[in-house]
Each structure stands twice: as C-alpha cells, then as structure tokens.
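Here is the structure we will look at, set down as structure tokens.
The values are calculated or read from the model by the stated rules, or taken from the named source; none is laboratory data. Nothing here was measured: the structure is a model prediction, and the numbers come from that model. Cβ: placed from backbone, ideal geometry, glycine included. Neighbour counts: every protein chain shown.
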Amino acid sequence: MLIPVIMTGGSGTRLWPLSRKQFPKQFLNLTSQDSMLQETLKRLVGIECDSPLLLANESHRFLVAEQVRQSGFGQSRIVLEPFGRNTAPALAVAALMEAQRDPEHLLLVLAADHVIEDIAEFQQAVGRASQLAEQGRLVTFGIVPDAAETGYGYIRRGQPAGEQGFNVAEFVEKPDLTTARDYVASGEFYWNSGMFLFKAGAFLQELERYAPELLACCREVVDNLQADADFSRISPELFEHCDDISVDYAVMEHTELAAVVPLSVGWNDVGSWSALWQLSEKDDQGNALRGDIISQNSQNCLVTAEHRLVATVGVEDLIVVETKDAVMVAHRDQVQDVKKVVEQLKREQRSEADSNRQVFRPWGHYDSVDGGERYQVKRIFVEPGARLSVQMHHHRAEHWVVVSGTARVVCDGKEILLTENQSTYIPVGAVHSLENPGKIPLEVIEVQSGTYLGEDDIVRLDDIYGRCNS
C-alpha cells in the first residue's frame with residue numbers, strides 16, 4: 001500500500017508580500033487556478049494509493065482541511081504540529097503512525113509547494129522508486145539539473161541500483177557557482193528535491209540506528225496524539241524536545257540504503273519571485289502580468305496586482321507585487337533579499353510580516369478595511385451553515401450591518417434574524433454569536449470601537465471548531 005505523506009509547513013518569506021506566515025505560498029494559486037497544495041494532491045490521481053496523510057502547522061489547520069476537501073480528498077488524515085521542527089521529526093511521526101497500521105506500507109513523501117509540469121513522467125518515476133522501496137531502500141528523487149544552481153543541495157549518484165535508479169554516493173551542500181557548473185557538466189549530480197519514498201518500517205530502522213534519541217522522542221509524541229475533530233494534535237510539551245533536524249542530516253546522509261531515482265519533469269520549488277517569473281506565461285516583451293496592469297515600454301518584469309491598477313513605464317527586470325496592504329518592488333537579481341524585508345518587519349513587530357488583510361477562519365474569512373486608534377472596520381464573510389464562536393470581549397463593542405445574506409445573531413441570550421441593510425449592536429462584555437443559517441454567503445460590515453481591538457480580546461466560550469483552548 002502506498003501512502004502519500006504531504007508536508008504543508010513552511011513560511012515562504014521569499015515570496016512576500018503574497019506569501020506570509022499565516023498564508024504561505026503552498027496555499028496560493030501562483031501557477032494555476034488551484035493552490036500549490038491542491039496541485040500536489042491532483043498529481044496523485046492515477047497513482048494507486050491510499051488517502052494522504054498531511055503534516056500541517058496548527059495555525060493552518062482549517063485552511064489545509066478546506067483545500068483538501070475542495071480537491072476531493074475529504075478522508076485525508078491531518079496531523080497538527082504546534083510549531084516547526086524540520087523534516088526528520090515530522091517524517092518520524094508519520095512513519096510511526098503508519099507502522100501501527102503496517103510497517104510494510106510505502107510512504108511517498110512530497111512537499112506541498114513544488115511545481116511539476118510533466119505529471120505522467122513523475123508518476124512513472126514513483127513506480128520505479130516503489131520497486132526500489134519494496135526492496136528496503138530509502139529512495140530520494142534527484143532532479144536532473146538544467147542549469148548550475150547555487151540554491152540547491154546536490155546528490156551524486158553511484159553505481160546503478162537495478163534498472164530503476166542509482167545508489168547514492170554522497171549528498172553535498174549548496175555549492176558556489178564554479179562548483180555547481182562542474183557538477184552539472186559531470187552528469188553525475190542531481191538537485192536534491194526533498195521528496196522520498198520508503199517503507200515505514202525501513203525508515204524507522206535506519207532512524208533507530210542513526211538518531212535513536214529522536215525516534216524515542218517521536219514515539220512518545222505518537223503515543224500521546226490527541227484527537228481533535230478530524231485532526232490529530234501533537235503535544236507541544238513533547239514536541240519541543242524533539243531535535244530540530246532535517247531527514248537528510250538525521251538519516252539519508254548516513255544510511256547505506258539510500259538510492260536516487262532521477263526526475264526530469266519540469267520541477268521547480270518556486271523559491272523566489274524570479275523563479276515564478278521563469279514559470280509564468282509572458283507577453284512579447286517578456287513580462288509576466290497578473291491583475292489590472294498597464295505596461296508601457298517595460299521588459300522582462302513580473303507584475304502582480306491584487307487590489308488596484310498598477311502601471312509600469314520604461315522599466316526592465318523588475319518584480320512589482322501589489323496587495324491590499326503592501327507594495328514590493330525589487331530587481332529580479334535581488335529577490336533573494338526579500339526575506340530581509342520580512343526580518344525587518346518582524347523586528348518592528350509589524351503585522352504585515354505574518355498576515356494579510358484578508359484572514360481565513362474555519363467559518364469563512366474577514367478583511368480589515370480600515371482602522372484607527374479606537375476603531376476598526378472589517379468585512380466579514382460567513383459560509384452557509386457556518387458559525388462564529390460564542391464569545392465576548394472585555395474592551396470593545398461592535399456594530400454589525402448585514403450587506404447580503406441572512407444572519408442569526410444571539411446577544412446575551414436574545415436571538416434575532418437580520419437581512420440586508422439591517423443592523424445590531426453588541427455591547428462590551430455581551431456574550432454573542434453570529435451564524436449564517438441561509439444557503440448563500442453572508443457578508444457583514446463590522447465596526448469595532450473601544451480601548452483595545454486586538455484579536456486576543458476574543459474570549460471563546462463555545463466553538464464548533466474546537467478553538468476554545470487555542
């Protein structure tokens with residue numbers, strides 16, 4: 001049995017301001033109408049496999065669940081990490097969970113934020129890797145390089161491992177440009193994709209050999225998983241004791257069972273804005289344009305406009321990204337330094353580092369339209385049948401105006417129904433809830449006023465999504 005294991009963590013700071021901590025690149029539709037996570041799931045169609053096991057950050061749990069549901073994989077299992085601990089602990093947890101079912105099960109480990117253009121060839125490579133994994137090998141997928149890249153680690157192949165792939169001679173760190181050129185010219189090196197295929201039991205045996213303390217820690221984590229609706233929640237107190245280490249460092253660089261299957265599938269990890277420009281469809285001036293854009297005498301630019309008109313005149317080799325709350329302009333040769341902008345935002349404790357104006361919740365989403373010292377205005381969108389938590393606030397009052405749809409409001413035990421152009425007032429300290437009992441989305445304008453307007457002034461008393469203790 002083949003079990004896809006999809007890692008959905010990562011912050012994607014190099015694609016700021018579109019990608020942010022609360023909504024990173026794997027959940028964005030950067031290269032198609034589907035998100036990168038959904039594209040990863042679609043690649044599984046045609047492979048004989050069981051439902052996926054997804055490893056997700058706690059803060060992304062409902063976002064992951066909704067995108068998986070939209071993709072038709074509603075029976076998937078989702079394991080929630082309280083914080084990132086790199087790939088080795090995550091895969092150890094996945095392997096231990098699957099070994100409880102059958103240690104002979106094959107785990108196909110995929111990242112949620114990769115682009116693969118040739119899906120048929122990818123699926124054939126999975127078949128070749130499965131044959132090696134059935135023999136007890138720990139298989140990694142090596143990307144056949146088409147350029148001398150310094151941003152990837154490399155894998156040097158050894159002797160053939162049957163007709164399916166090669167033994168791994170060594171893993172090497174990210175090289176300088178001269179060394180990278182030598183690697184590519186030799187024909188013996190592949191980019192390290194971070195994708196794997198192995199038996200759950202075989203991986204655990206090698207983890208026991210090379211990282212026994214990590215395995216013991218992860219066993220305790222799995223023994224104490226907590227069921228939470230459709231999720232399995234990892235204890236933060238236990239997980240923080242697990243080593244923060246990659247699977248390459250923990251196992252793959254040491255094991256004698258490592259094998260590599262070459263991949264030539266149009267792979268890209270979309271690690272920068274320049275990479276996205278390379279992937280995007282361009283006009284006859286080499287510009288990749290998305291949104292409401294006027295381009296005059298501009299060449300080889302990527303311009304993305306989410307919220308308003310963007311015009312470029314007489315510029316070359318620029319990345320211009322406009323969102324509701326930020327505009328980023330960078331030269332294509334300097335995009336690796338976008339992460340420095342995020343670092344500065346974090347030092348200054350600015351919200352733009354972590355979240356967009358549009359914030360997703362399990363019941364829908366809201367958009368922060370305006371705000372000042374003692375007021376804040378939001379557009380709230382509630383999906384049909386969804387409900388916000390029963391809650392109260394110590395420091396703010398709220399006015400709700402229904403723009404479209406029907407709202408069921410309960411305030412201090414009194415229930416009312418509101419339709420378009422009707423409104424209500426929620427005093428400070430009132431216990432209240434908002435629900436959409438209708439068949440169409442509910443849109444509400446919320447005006448908050450008070451001495452403190454932070455999201456941590458929400459005291460949840462009851463919640464159908466299990467967030468009262470989060």
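For the condition assigned to a loop (DSSP other than H, G, I, E, B), surrounded by fewer than 19 Cβ atoms within 10 Å (Cβ to Cβ) and touching a Gly at 6+ places or on another chain (Cβ under 8 Å), residue 151 qualifies. Listed by position, the strands (runs of 3 or more DSSP E) contained in the range 334-396 that have at least 2 residues being within 20 Å of the chain's Cα centre (by Cα) and more than 14 Å from residue 17 (Cα to Cα) are 358-361, 364-371.
I'd like to check something: does the range 115-137 contain any residue that is surrounded by 19 or more Cβ atoms within 10 Å (Cβ to Cβ) and out of contact with any strand residue (DSSP E or B) (no Cβ under 7 Å at 6 or more places or on another chain)? No, there is no match, as no residue in the range 115-137 is surrounded by 19 or more Cβ atoms within 10 Å (Cβ to Cβ) and out of contact with any strand residue (DSSP E or B) (no Cβ under 7 Å at 6 or more places or on another chain). Residue check: residue 107 meets all listed conditions (1) crowded, with 20+ Cβ neighbours inside 10 Å; (2) farther than 25 Å from residue 270 by Cα; (3) in contact with a Lys or Arg (Cβ under 9 Å, 6 or more places away or on another chain) but one, namely (2). Within the option set 339, 324, being of a type in the set (Lys, Arg), touching a helix residue (DSSP H, G or I) at 6+ places or on another chain (Cβ under 7 Å), within 24 Å of residue 64 (Cβ to Cβ) and surrounded by 14 or more Cβ atoms within 10 Å (Cβ to Cβ) holds for one residue only, 339.
Can you tell me which residue is surrounded by the fewest Cβ atoms within 10 Å (Cβ to Cβ) among those in the range 428-445 that are over 29 Å from the mean Cα position of the chain (by Cα) and not hydrophobic (A, V, I, L, M, F, W, C)? Residue satisfying both the conditions and the ranking: 439. The listed residues are 364, 429, and the only one of them that is more than 27 Å from residue 62 (Cα to Cα) and of a type in the set (Gly, Ala, Ser) turns out to be 429.
Within the range 164-180, the set of residues being outside any strand (DSSP E or B) and touching a residue at least 24 places away in the same chain (Cβ under 8 Å) comprises 164, 174, 175, 176, 177, 180.
When you check residue 68 against the structure, is it closer than 17 Å to residue 233 by Cα, assigned to a helix (DSSP H, G or I) and free of Cβ contacts under 8 Å to residues at least 60 places away in the same chain, yes or no?
no
Residue 224 meets each of the listed conditions (1) surrounded by fewer than 17 Cβ atoms within 10 Å (Cβ to Cβ); (2) in the same structural domain as residue 62 (by TED's automatic domain parsing); (3) touching a residue at least 24 places away in the same chain (Cβ under 8 Å) apart from (3). Within the range 281-298, residues that are in a strand (DSSP E or B) reach partners that are among the acidic types (Asp, Glu) with beta carbons closer than 9 Å, at six or more positions or on different chains, in the pairs 288/281; 289/283; 290/306; 295/283. Could you go through the range 233-247 and let me know if any residue there is under 25 Å from residue 156 (Cα atoms), small (Gly, Ala, Ser) and under 23 Å from the mean Cα position of the chain (by Cα). There is at least one residue in the range 233-247 that is under 25 Å from residue 156 (Cα atoms), small (Gly, Ala, Ser) and under 23 Å from the mean Cα position of the chain (by Cα). Out of the residues in the range 271-320 meeting the condition of being on the phi > 0 side of the Ramachandran plot and touching a Ser or Thr at 6+ places or on another chain (Cβ under 7 Å), tell me which one is surrounded by the most Cβ atoms within 10 Å (Cβ to Cβ). Filtering first and then ranking leaves 291. Only a single item in (1) at pLDDT below 95; (2) more than 30 Å from residue 327 (Cα to Cα) is not met by residue 262, and it is number (1).
Yes/no matrix, rows are residues, columns are (1) within 19 Å of residue 5 (Cβ to Cβ); (2) surrounded by fewer than 22 Cβ atoms within 10 Å (Cβ to Cβ):
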| position | (1), (2) |
| --- | --- |
| 145 | no, yes |
| 173 | no, yes |
| 190 | no, no |
| 199 | yes, no |
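Considered as a group, the residues in the range 21-65 that are small (Gly, Ala, Ser) and not in a loop (DSSP other than H, G, I, E, B) include one that is surrounded by the most Cβ atoms within 10 Å (Cβ to Cβ), and that residue is 56.
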